[in-house]
Each structure stands twice: as structure tokens, then as C-alpha cells.
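Remarks on the structure that follows.
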Amino acid sequence: MRHDPVPPTDFAVAASRVTIDVGACVANWRDIAARSKAATGAAVKADAYGLGAEIIAPALARVGCRDFFVATIEEGAQLRGLLPDARIFSVSGLWPGQEALAIARRIIPVAVSPEQLELIAALGGALDHALFIDTGMNRLGLTPRQALDYAQSGGKPVMVMSHLACADEPDHPMNARQNEFFQPLAARFGEAESSLSSSAGILLGLDYHYDLTRPGIALYGGLTMAGFTPRPVATAEARVIQIRTATAGETVSYGARQKLARDSRIAILGAGYADGWHRSASGAGAPLRDIVAKGGAVMLSGRPAPILGRITMDLTMVDITDIPDNLVRIGDYAEFFGAAIRIEDAARAAGTISYELLTGLGKRYVRRIV
């Protein structure tokens, strides 16, 4: 059977689409770098938070970024051809069977356990490595005792790292506690560089910067704190498929959980939870959401349109009753987040975080890079 190639969908008529402003991402990196006394790297794991590592990483390299952080050896290997001179760190370390790929692509595993250190040692110096120390988050990393034992054994990582658990809460006492814990541990490794802070940690102040910072979400338009407001990088939109009217007392969507208090005009948008619009942002019937009771909204013709009823797999219903009839037509695009609705606000309305919205963008979006 012959399979003809599928032509690319025109961005102008796509059912759902995402605009990725690479220039805004670069400007956010420059802003973060200007606030740091340390070298500034970039977290590009999870396909650059869902926006395309093959686009974002080379753009950052062109303006001076030299250190990139991915989650796995495989992610790093995919980037190496685009970043021939960069250091690429795999923050989940190294598994048996990945050694040849890591060596060939010069990926630096961040060892998180004694077992990984043994695996790296068996390579006889063929692979540089970094070391991750758990300073209180109880996620990945060596215990302080294990790290000290490794230092005493003569271990020579190129970098020693840890991660702050509460950096997005500037007054949380755990920030200072982790910083005070990390400093003497990192110092035990002599000439090894040290790195503690990702986006929010950078904004805590110079004491948290060490030799290298690792911004992530701030590069992609999320995280507003300490006077830092990043430029929006991603704008996600879906088209109006249908406009319908309903009378007061009728209900909207699954479960009939939202009863209309007035005669209403409803726009049906061609994106749902399969496209990353969390069901918890629904206008009603979302028991998991307890932060913003009224749910989310989209922007249509410069006007907010609240989500009605439960978001479904492929469709979202919004209330356009308060928008003049002539301003919304079938085929128009509604913005879920972007320049008009900050991604932080869209995430908060769904009871989640901007990271999850970005990395959850589905495959149906047609993407435009600007």
C-alpha cells in the first residue's frame, strides 16, 4: 500500500497552534545572566520544557551559553550535534549500557548514587562526571556522608551540584539551611565547580550563585518573583469551531455540573486536555482544583472568556456572552496563554504550575518559530 507524505499544516489555518518566540527566550537568558555573578547555563531537559530543544539550545549557545542540562544521556546525545562545543550534563546520571553513548557524545553524567560512581570509575577516566549531593530535598543525590567519603577517596568530579527545595518561597528557612549545608560539602572537592541554583534560586541573591547557575522555567516565560518578570515565550491558541446559544437553566459539558445563570453564547474551542489544557481548569465539576474556584479563562478578541463546564479531551467551552457578537467569529483563535494571559496565571487557574502546562503541550499543535 502506498502512503503519500502528509503536507505540513499551514499555521494560519491550524486547529491549534503554538508560537515560540526564541528571541524572548534569549532575552530572558540575558536578563538572568546579568543578575548573576556566576556563569549562566540553561536547563533544556524535556525538549526545552516542551518548546523544542533543537531550536532553543542553539539560540542560547549563539549568545554565550556554554553549559546545558538535560535529564538523560539520550537527551544529551540528541543535542550534541547541535552543540559541538558545549558541556552537556545528564542530571539523572548514567545507567549500565549507556557508557559508550555517553563517551562518544561527550555527555557529562551527574552521579547521584554510589552505584553510579562505581560505574563511572570502571571507565578509567574516559568520561568526565559531576556529583549531585542531596542537601535536604530527599530526591536524587548522595548523602552528605557518601559525598564526604567520595572526597576523601580522591574523587574528582568537574562539578558538585545540589538543588533547592523551596527557592520559589524566598522567606522559607530551608533555603538558607540548604545553602549553609552545601557550601562546606562543595568546598571539599577542591577545584571542582559548584552549582546550587536554578531559576528561583538565582533570584534569592548572590550567595546562592556559586560558580554556575542553571535557569530553567524563567527562560521559558514562567516564574515571576524578586522583581523579575520574564518575557512570554510560548503563545498557545485554538480555533473557535462553533458558536452556540443556550438558555438560563441549561447545563454545559460532562456531568451537567455547570448550570447557566443566564441566556448565554458559548464558543467551542478545538483543544482539550489531550492538548495540555488540564481538566482542573474547568469552569465546574473539577473536584481536584481547590486554588481558584472559578476555573480558567481564555482570551478572544482581546476580551476574557471564562471556561464553562468540564474541559473535555478535544474541546473546551467558553462563555462569550459579554463579548460583542461582531468580535468573535467561527475560525477565530482563542489564546490559552501567551502575551495576553501569562502562563503563570493560566497555571494558577488550573491549580498547577507553568512547568506542567509547557511540558504537557500535545502533539497536535502546529508550531511557528519567531
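Values quoted throughout were computed directly from the atomic coordinates according to the rules given, and no laboratory measurement underlies them. Note that the structure is a prediction, hence the values are computed from the model and not measured. Cβ sites come from the backbone with ideal geometry, for glycine too, and all protein chains shown count toward neighbours.
For this structure, a couple of remarks:
- The value obtained for region 216-256, namely the Cα convex hull volume divided by the number of residues, is 187 Å³ per residue.
- The calculated Kirkwood hydrodynamic radius for region 22-220 is 16.8 Å, given to one decimal from all distinct C-alpha pairs.
- For region 96-149: rounded, prolate or oblate by the Cα gyration tensor [a/c cutoff 1.5]: prolate
- Proximal aspartates and glutamates to Lys45, defined as alpha-carbon separation beneath 19 angstrom and excluding residues fewer than eight positions away on the same chain: Asp21, Glu54, Asp67, Glu74, Glu75, Asp85, Glu356
- Rounded to the nearest 10 degrees, the inclination of helix 22-34 to the longest alpha-carbon principal axis of the chain is 40 degrees.
- Degrees separating the helix 53-62 axis from the principal Cα axis of the chain, which is the longest one: 60
- 0 to 90° range, to nearest 10: angle between helix 173-187 axis and the chain longest Cα axis: 30
- Proxy reagent accessibility, fewest Cβ within 10 Å first, across Ser153, Ser199: Ser153, Ser199
- GNM top mover of Ala14, Ala71, Ala121 - the chain, alpha-carbon springs below 10 Å: Ala121
- Seen from all directions on average, region 102-212 presents a Cα convex hull projection of 6.9 nm².
- Estimated FRET transfer efficiency (Glu191, Phe228; beta-carbon r; R0 45 Å; 0.05): 0.90
- Cubic angstrom per residue, convex hull over Cα atoms of region 121-162: 71
- Rounded D (µm²/s) - region 234-369, Kirkwood Rh over Cα pairs, Stokes-Einstein at 10 °C, 1.306 mPa s: 108
- Both numbers refer to the Cα atoms of the chain; Rg and Dmax are 23.4, 75 Å.
- Residues Thr213, Thr251 in ascending order of nearby Cβ atoms (within 10 Å, fewest first): Thr251, Thr213.
- Within the shell of other residues whose beta carbon sits under 11 angstrom from the beta carbon of Tyr210, the net charge comes to -1, with Lys and Arg scored +1 and Asp and Glu -1.
- Table column - 3J(HN,Hα) (Hz), region 38-46, Karplus curve with 6.51, -1.76, 1.60, x for Gly and Pro: 9, 5, 10, x, 7, 8, 10, 5, 6
- Under the simplified labelling scheme, the Ser153-Met174 pair shows an inter-label distance of 2.9 nm, with each label point 7 Å from Cα along Cα→Cβ.
- Gap separating the Cα centres of region 229-264 and region 47-108, nearest whole Å: 40
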